[in-house]
Amino acid sequence: MTVGTEATIRRHRLYTRLGALGRDPLGELDRIRDTYGDEMIQLHLGMFKPYLVTNPDQVQHVWRNSRETYLRDGMMWAAMQRLQGTDGIGAEGPGWERSRHLIEPLFTAKAVGALVPGMVEAVNEAVDDLAARTAGGESVELAGEMMRITHRVLGRVFLGEQIPGHEADTVGREIAAAFGSMQARLAMPFVPHRVPLPGDRRFGRAVRTVDAILLPHIARARQRKPQPGVVSMLAHATGPDGRPLEVRQVRNDVVGLFTGGTETTALALTWMFIQLDAHPDIAARIVAEVEAVVGDGPVTAEQVKGLRYTRMVLEESLRLFPPAWMIPRTLRSPDTLGGVRLPAGATVVLSPYLTHRLPELWPDPARFDPERFAPGAQRGRHPYAYFPFAGGVHRCLGQAFFFIEAALAAAAILSRFAVRVATARPIRPAVSVSLRPKGDVAVDLVPRR
């Protein structure tokens, strides 16, 4: 398999910029983009020398060959595997195949449609709770509140009654803490795990807390008759050999679903509200749509399809601030990419953050402009100019679920409140596994009625 003809590759000595990389990783990536454009380059980080890929043709090649050649493996996946495990939906190989086969039916259009009433109920309950807690004019922390809403939704529609709501909140909160504590490991993936780095203790504490909650619930679910919810479904599932899944694999799958189901939605909503506060004209338009579609009552399942501009705003938020800002893959076998012969064992890093900001793909790329996703605007755009949900065999199963959940949450909040950011601008991203705001973002919720 080849893309292009045999070529040489330029090398960027990133090890000479470790201080800047640690202080401002995204700023350093922006400088690399400004220097090299969409050219594939090799990053030199001492012994670790990954290839940075941003060109959409090359991104497409990687995703098309993600089953046989470009795998979720290697040192950059080691930190994630300590959270999600090496056997399950977040891994590779037979365990991933088995989990994907079991979980995929949960995300068909019909299955997601059946979940919408529960999603609506959970969103409205969460926003009612938010209204009660801010009735006295108290500010709240934006990302934490968006996490709280997504935890409520996931707990209702996926976990059923097997895990109490407060424990589901704790699981989600600790997974988010584990993500946030991985920054040093991501910046220096070549450092062995036996060498302590900042964040390691918090990471370990988060994983132990998650296990202390999930493992007993999985064991009890296996002893009971099957009930609604993912925990019960996986606890009673069998593999191709007819044997039940290992308890650890069930745990890994639940963590994987929580990871994908909370981080993307909560962070997309967080960045959306930050951008709306900075762009009053866009905020006025989305509020007008919500008022026309939702009115004075709580949001309903039937209203989702009418929230077209809301979806455009969410898509533009994902373009500028994709939660999965960096996606590493390791070559199982040699391949030619961008005219360069890559050896087996090499690491390729895709960056939605960089590809989504290439000026040749996105004019005036730093500008927040939902019209980029208006009907017809995507005609002629490269299919991998935009990939916030990854691609290939590991493409996110929950894309349709995300847009419904996020639109419902946005509409439920905007129909009741004007969201005013109280934290001083500019609000910059911080780098961990996900792209989240640096520090807490305080918001004031001003009732509309």
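Throughout, read-outs are computed from the coordinates displayed, never taken from laboratory work. As the structure is a computational prediction, the values presented were derived from the model and not from experiment. Because the Cβ atoms are built from the backbone with ideal geometry, glycine has one as well, and the counts that use them run over all protein chains shown.
With a cut-off of 13 Å between beta carbons, the residues surrounding D30 carry a summed charge of +2, where Lys and Arg count +1 and Asp and Glu -1. Is the shape of the range 291-391 best called rounded, prolate or oblate, per the rule: a/c under 1.5 gives rounded, else a/b larger than b/c gives prolate, else oblate, with a ≥ b ≥ c the square roots of the Cα gyration tensor eigenvalues? Prolate. Under a Gaussian network description of the chain, with springs only between Cα atoms under 10 Å, the residue in S139, S99, S432 that fluctuates furthest is S139. Each label point was placed 7 Å from the Cα along the Cα-to-Cβ direction; for E360 and K110 their separation is 4.5 nm. Segment R308..A292, full-extension length gain: 4.6 nm, with 0.36 nm per residue of separation and the alpha-carbon distance subtracted.
By the count of neighbouring beta-carbon atoms within 10 Å, fewest first, D211, D296 end up ordered D296, D211.
Apply the a/c threshold of 1.5 to the C-alpha gyration tensor of the chain and tell me whether it is rounded, prolate or oblate.
Values: a/c = 1.57, a/b = 1.17, b/c = 1.35.
Cα axes put the chain in the oblate bin.
Model label points for T238 and A430, set 7 angstrom from Cα along the Cα-to-Cβ axis, are 4.8 nm apart. Partner lysines whose Cα lies under 18 Å from the Cα of K110, excluding those fewer than 8 positions away in the same chain, are identified as K305. By the helix-only formula, in which each DSSP H run with n ≥ 4 contributes -39500 (n - 2.57) and the sum is divided by residues, the chain has a 222 nm mean residue ellipticity of -15500 deg cm²/dmol.
How big is the shadow of the Cα convex hull of the range 196-323, averaged over all directions, in nm²?
Numbers: hull surface 50.7 nm².
Average projection, Cα convex hull of the range 196-323: 12.7 nm².
A Gaussian network model of the chain, with springs between Cα atoms under 10 Å, assigns the largest mean-square fluctuation among V293, V231, V313 to V293. Need the C-alpha centroid separation for the range 171-186 versus the range 42-116, integer Å. Cα centroid of the range 171-186 versus Cα centroid of the range 42-116: 18 Å apart.
Nearest 0.05, what FRET efficiency do D281 and K225 give at R0 = 51 Å with Cβ-Cβ as r? After rounding, the FRET efficiency stands at 0.40.
For an R0 of 60 angstrom, estimate the FRET efficiency from the Cβ-Cβ distance between A418 and R208 and round to the nearest 0.05.
Numbers: r = 41 Å, r/R0 = 0.68.
The formula returns an efficiency of 0.90 here.
Using a 7 Å offset from the Cα along the Cα-to-Cβ direction at both V191 and D440, what is the distance between the two label points in nm, to one decimal? For the pair V191/D440, the computed spacing is 2.7 nm. State whether the range 93-178 is rounded, prolate or oblate according to the following rule on the C-alpha gyration tensor (a ≥ b ≥ c being the square roots of its eigenvalues): a/c under 1.5 gives rounded; otherwise a/b larger than b/c gives prolate, and the remaining case gives oblate. Since a/c reaches 1.5 and a/b is larger than b/c, the shape of the range 93-178 is classed as prolate.
Structure remark: mean-square fluctuation, Gaussian network model of the chain, C-alpha springs under 10 Å; the largest value among L102, L320, L408 belongs to L102.
What is the gain in length, in nm to one decimal, between R341 and E371 on full extension, counting 0.36 nm per residue of separation less the C-alpha to C-alpha distance? Write out the running numbers ahead of the final one.
Working: separation 30, 0.36 × 30 = 10.80 nm, distance 3.91 nm.
Length gained, R341 through E371: 6.9 nm.
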